[in-house]
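Below you'll find the structure, written out as structure tokens, and then a few comments.
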Amino acid sequence: MRRLTAFLFCLVLSAFSGFSAHAVEGGFRSPDEFMLWLENYAGHPEPERISAAFGSIQRTALVRVSPDFVPVLGGFFAATFRQHPERVEDWVAAMERDLNADSAPVFLQTLLLAGSPEAGKVVARQPEPFQNPRVLPLLVSKSFAELTPEEGENAILVWWGAFLANGDAPPIQRIIAALHGFSGDARLSAGRSAALRKAFQLLENFAPKFPRVRVICENALRATNDPQIAEALQKALKIADRNSATMPAP
């Protein structure tokens, strides 16, 4: 339950618990099962289940729980595209066949982040019910290479999704870089301020859950010359320590 509480507090991602986490044919039976697979993917990659995972978005109601899932899942799927370019054509074809009102924005976000030249045409050729007005204006409209904290908290969510895909340091390092201005720099733009708040919230909540995140944060703290980033990391790790003390053993 602590795992789900962290997701609820940090991303407002899930309010569900109590489902076992084994696969069923065609995808995932519940939000909790999907989340368990997603947060363990980097350690146990299953690229053969990517199409089934995409097809489960509506069944598990993730986007309806929170629009925050759109950039998280977009970052995750786009990062898997980069890991497996030989599979992208088949994945894209399967995803487009399986679109619905919940998954269409995730598909578009994935293509935008992956830098696909087809991204701009995707929404236009979908039936009107798939053009979710609640979600589409919130999409990050840049590729991974162009994305900066000026995009706001969605940039942080995208980088978190990418970390879930591969466990590599660069996405977390970009989240850490967004902490510049932590002491209350009035010169920050609204987007960057939102990114800073989300970055801090995410790191303090997930450093206890993901040892890899803690290690990256600790290494960054030793290496940084930015006093604002150092202050934010020190505070986030201190809170993470308190959270670790109350987290039950798996």
Residue, surrounded by the fewest Cβ atoms within 10 Å (Cβ to Cβ), within the stretch 64-93, restricted to residues that are assigned to a loop (DSSP other than H, G, I, E, B) and either without any contact (Cβ under 8 Å) to a residue 60 or more places away in the chain or in contact with a strand residue (DSSP E or B) (Cβ under 8 Å, 6 or more places away or on another chain) (or both): His84
Residue within the stretch 30-49 that is modelled with pLDDT under 90, among the basic types (Lys, Arg) and either surrounded by 15 or more Cβ atoms within 10 Å (Cβ to Cβ) or touching a Ser or Thr at 6+ places or on another chain (Cβ under 8 Å) (or both) present: no
Residues of the stretch 37-63 classified as more than 17 Å from Thr80 (Cβ to Cβ) and either of a type in the set (S, T, N, Q) or part of a helix (DSSP H, G or I) (or both), total: 4
Per-region count, the stretch 150-182, residues surrounded by fewer than 21 Cβ atoms within 10 Å (Cβ to Cβ) and polar (S, T, N, Q): 2
Filter result (assigned to a helix (DSSP H, G or I), modelled with pLDDT under 90 and either touching a Gly at 6+ places or on another chain (Cβ under 6 Å) or among the acidic types (Asp, Glu) (or both)) within the stretch 114-162: Glu128
Residue in the stretch 174-192 that is of a type in the set (S, T, N, Q) and at pLDDT 95 or above present: no
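Per-residue answers, yes or no, for (1) within 22 Å of Gly74 (Cα to Cα); (2) at pLDDT below 95; (3) among the β-branched types (Val, Ile, Thr):
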position: Leu164; (1), (2), (3): yes, no, no
position: Lys198; (1), (2), (3): yes, no, no
position: Glu204; (1), (2), (3): no, yes, no
position: Leu221; (1), (2), (3): no, no, no
position: Asp241; (1), (2), (3): no, yes, no
position: Ser244; (1), (2), (3): no, yes, no
Only listed residue being touching a residue at least 60 places away in the same chain (Cβ under 8 Å), buried (at least 19 other Cβ atoms within 10 Å of the Cβ) and among the aliphatic types (A, V, I, L, M), chosen from Leu202, Leu108, Leu112, Leu147: Leu202
Candidate set from the stretch 206-218 (those that are outside any helix (DSSP H, G or I) and not small (Gly, Ala, Ser)); member that is modelled with the highest pLDDT: Phe210
The stretch 219-229 - residue that is assigned to a helix (DSSP H, G or I) and more than 21 Å from the chain's Cα centre (by Cα) and, of those, surrounded by the fewest Cβ atoms within 10 Å (Cβ to Cβ): Arg222
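The values are calculated or read from the model by the stated rules, or taken from the named source; none is laboratory data. If you're wondering where the values come from, they're calculated on a predicted model, not measured in any experiment. A quick note on method: Cβ atoms are made from the backbone with ideal geometry, for glycine too, and the neighbour counts reach across all protein chains shown.
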